[in-house]
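Working notes, beginning with the structure itself.
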Amino acid sequence: MKSRKEKFRKKTSKGAKLLVGTLFLSIGVGSSITVAFADQDIHGLLSDWFAKQQTTSIETIEKAIMSEKEIQMQRLKEELQIEMNDAEKQLEQFTKEETKQRVNDLKAHTDELIKNISIDQTEEKEAIINELDEILNESIKKMDDIRTTGDTDNINE
């Protein structure tokens with residue numbers, strides 16, 4: 001038994017296929033080639049054809065360049081963003097390290113200053129001693145005066 005596909009297959013001859021192929025080929029070739037007659041300007045036809053081809057080529061090139069430019073601009077933006085992020089991280093790390101170093105330097109300097117603190121109070125001590133000596137001497141003198149004179153009225157002076 002024959003399959004359905006085999007039963008209803010249309011039979012086309014090789015000649016019909018050749019005719020259809022030749023027809024398409026002649027239409028394709030005929031549409032791109034123009035016939036120049038003896039009374040037409042061949043130079044003008046060629047110039048027009050080259051101008052059309054040039055315009056088509058330029059448009060194709062411009063489209064390709066614009067498309068590639070957009071792709072490359074996007075790529076450049078992405079790479080630039082990555083580099084900026086890396087630079088920001090590096091700068092942040094550098095700032096942390098430098099801050100830590102400066103704080104440690106400041107602590108060391110403060111420790112050195114604290115270690116070398118020496119307050120010289122000899123002048124203040126001498127002034128206090130001199131003042132106390134004067135008070136003592138004056139008190140002794142008053143007591144001696146009271147003893148010799150017997151005057152108790154001058155005690156509060």
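The values are calculated or read from the model by the stated rules, or taken from the named source; none is laboratory data. Not measured: the values here are computed from a predicted model. When we count neighbours, we look across all protein chains shown, and the Cβ atoms used for this are built from the backbone with ideal geometry, even at glycine. To get the accessible areas, we keep the full protein, side chains included, count just its heavy atoms, and leave off ligands, DNA and RNA. Shrake-Rupley method; radii C 1.70, N 1.55, O 1.52, S 1.80 Å.
Summary table
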read-out: Solvent-accessible area, 1.4 Å probe, carbon plus sulfur percent, for segment 51-106; value: 57
read-out: Probe 1.4 Å, protein heavy atoms only - accessible area per residue of segment 59-156 in square angstrom; value: 97
read-out: Label-point separation in nm, Phe24 to Lys96, each point 7 Å along Cα→Cβ; value: 6.9
